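Report on the following structure.
The values are calculated or read from the model by the stated rules, or taken from the named source; none is laboratory data. Source: prediction; values computed, not measured. Neighbour counts are summed over all protein chains in view; Cβ atoms, including those assigned to glycine, are modelled from backbone coordinates with ideal geometry. Each accessible area value is taken on the protein alone, full model and side chains, heavy atoms only, with ligands, DNA and RNA left out. Shrake-Rupley method; radii C 1.70, N 1.55, O 1.52, S 1.80 Å.
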Amino acid sequence: QLQPVESGGGLVQPGGSLRLSCATSGFTSGHYDIGWFRQAPGKEREGVSCISASGVSTDYADSVQGRFTISRDNAKKTVYLQMDSLVFEDPAVYYCAAHWNPFASFCAVSAQGLYRYWGQGTQVTVSS
């Protein structure tokens, strides 16, 4: 029953921006790490960014460091991924996922195996 819901994907030109949203209305505030992951055709799913249950800690893949920003709006129970300076390597289906960890002080994008609850994904396309 618990499942985050992604939105905000679409078509953008190289160098453009998109903001993805992950709605987590069914999840208890402060108890879940939220991560963003992506999978391109023919490639393995990879971690993009995450934010800890407390919202204090964030992590980014090297490939998006400095271009993407993750944030959390606890009042709306929504996590955002602001993607700037999009390049041809970024197109993929982007997923958000939740990991129950109420005592977490940090998260890591490499730990996708810990995430139990996954959204359906939203498509991001970069094209000129």
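Normalised by 2.2 N^0.38 Å, where N is the number of residues, the alpha-carbon radius of gyration of region 85-128 equals 1.48.
The alpha carbon centroids of region 1-54 and region 104-128 are separated by 5 Å.
If you roll a 1.4 Å probe over the chain with all protein chains in place, what percent of the accessible area is carbon or sulfur? Here it works out to 48 percent. For the chain, the solvent-accessible area works out to 52 Å² per residue, with a probe of 1.4 Å and every protein chain left in place. Sparse packing (at most 15 other Cβ atoms within 10 Å of the Cβ) combined with a DSSP loop state is found for the following GluC sites (Glu not before Pro) in region 1-98: Glu44, Glu89. Charged side chains reduced to their Cβ positions (Lys and Arg at +1, Asp and Glu at -1) give the chain a dipole of some 300 debye around its Cα centre.
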